[in-house]
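> Provided herewith is a single structure, encoded as structure tokens, for subsequent inquiry.
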Amino acid sequence: MTDTFSTKGLKALFSYPFRQPGWEGKLAVLAGLYVAGFIVPVLPWLAAGGYAAELTRRAARGGAEPELPVWQDWGNYLVDGLRLAGAGLLAGLPMLLVFACGFGPYLMSIFGMFVVDSSGGDMSLIAPVYLSSTLLMIISVFCGLFLSIGIGVPLPAAIVHMLAKNSFAALFEAKTWWKIFRANLGGFMIVFFLVWVTSFLLQMITQLLVSTLVLCALAFVAPLVIMPYLSIISAYLFGQAYREGVETLQETDPAVEAETTAPQPMGAASEDEQARAAGDVTDVSPERSAEE
């Protein structure tokens, strides 16, 4: 990870999707899924999320170089997409409950004021209820904000652990993924910063396109490039941060490897491995060459 976060390593990391053979087609399919999600509900976005999840899994399990997966394991992509959606729903549920506790009474008090006013009643009777509900709403907003930070910061470690174990139940193995998160806290914070900066810069580019008469048409095309690119970059970065946390823990506890990995899912092999299995790539290792 040290090399990854050097200047040279960052340049290689952010440009890796464009250095691989066939990258145009892979990113085009990913962009097409994002567009299709506005036409066909849910399924395309699940597949797009599952594709990024596969890249995260490969990084978490340790790979020599980041590599864009082949678009072939659609079933696995949909399953991983469902896992991500489920994890996001569970993570957002506590915040929704907090906001509901604040905004529910507030909206009811507004409705009560409308009823009292329309019936010619005494507004002074409902005013204390309105003020109390407003205060409760403000408190719920701040509580929800702090809760979102508390849940959102370690959430990537939990999600990557779920993907590495290839099991939704692994999301609840808090004792394991929390140790990994703490072991590489700085790495995860750096990834958060890099993803935020990259997202901010790409949004600025989109805003500049919108503000120009000549290039404003490109503003509708820019998201088709930005969303796939940002998803695969952040997917790999979080997977590698998780991997470095595992490696840090292994220095004191070798059993961590068994706790954080699962059998490789079908179809998760790299392109070279798939080609070699199909007989398209010849093994030219030194040992085999010497035998020949």
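The values are calculated or read from the model by the stated rules, or taken from the named source; none is laboratory data. Quick caveat, the model's predicted, so the values are computed rather than measured. Backbone-built Cβ (ideal geometry, glycine too); neighbour counts: all protein chains shown.
> For the structure I just gave you, tell me whether Ala91 is more than 30 Å from Ile139 (Cα to Cα), aliphatic (A, V, I, L, M) and modelled with pLDDT of 90 or more.
When the stated conditions are applied, Ala91 does not pass them.
> Here's another thing I want to ask about it. Confirm whether Leu125 is in a helix (DSSP H, G or I) and without any contact (Cβ under 8 Å) to a residue 24 or more places away in the chain.
Numbers: in a helix (DSSP H, G or I): yes; without any contact (Cβ under 8 Å) to a residue 24 or more places away in the chain: yes.
So Leu125 passes the test.
> In addition: Out of all the residues in the range 231-240, is one or more at pLDDT below 85 and either of a type in the set (A, V, I, L, M, F, W, C) or surrounded by fewer than 13 Cβ atoms within 10 Å (Cβ to Cβ) (or both)?
To start, the set of residues in the range 231-240 that are at pLDDT below 85 comprises none.
No, there is no match, as no residue in the range 231-240 is at pLDDT below 85 and either of a type in the set (A, V, I, L, M, F, W, C) or surrounded by fewer than 13 Cβ atoms within 10 Å (Cβ to Cβ) (or both).
> Further question on the same structure: Look at the range 50-86 and say how many of its residues are β-branched (Val, Ile, Thr) and at pLDDT 90 or above. Break it down into steps so the answer makes sense when it comes.
To start, the set of residues in the range 50-86 that are β-branched (Val, Ile, Thr) comprises 56, 70, 79.
Imposing the further condition that a residue be at pLDDT 90 or above reduces the set to 56, 79.
Count: 2.
> Considering (1) closer than 24 Å to Lys11 by Cα; (2) not in a helix (DSSP H, G or I), say which one Thr212 fails and leave the rest.
Here Thr212 meets the rest and fails (1).
> Out of (1) modelled with pLDDT under 90; (2) touching a helix residue (DSSP H, G or I) at 6+ places or on another chain (Cβ under 6 Å), what's the single condition that is false for Phe200?
So the condition that Phe200 fails would be (2).
> Among the residues of the range 154-179, write down those that are of a type outside the set (Gly, Ala, Ser) and not in a helix (DSSP H, G or I).
To start, the set of residues in the range 154-179 that are of a type outside the set (Gly, Ala, Ser) comprises 154-156, 159-163, 165-166, 168, 171-173, 175-179.
Within the range 154-179, Pro154, Asn166, Glu173 meet the criteria.
> All but one of (1) surrounded by fewer than 19 Cβ atoms within 10 Å (Cβ to Cβ); (2) farther than 28 Å from Ile180 by Cβ; (3) not hydroxyl-bearing (Ser, Thr, Tyr) hold for Gly88; state the number of the condition that does not hold.
The single condition Gly88 does not satisfy is (2).
> Another question, if that's okay. From the list Met189, Met162, Met95, pick out the single residue that is within 30 Å of Val246 (Cα to Cα) and either out of contact with any helix residue (DSSP H, G or I) (no Cβ under 8 Å at 6 or more places or on another chain) or of a type in the set (Phe, Trp, Tyr) (or both). Please lay out each step first, then the result.
Working: Met162 fails: either out of contact with any helix residue (DSSP H, G or I) (no Cβ under 8 Å at 6 or more places or on another chain) or of a type in the set (Phe, Trp, Tyr) (or both); Met95 fails: either out of contact with any helix residue (DSSP H, G or I) (no Cβ under 8 Å at 6 or more places or on another chain) or of a type in the set (Phe, Trp, Tyr) (or both).
When all the criteria are applied, what remains is Met189.
> Could you check Lys179 against (1) under 21 Å from the mean Cα position of the chain (by Cα); (2) under 25 Å from Gly49 (Cβ atoms) and say which number it fails?
Status for Lys179: all satisfied but (2).
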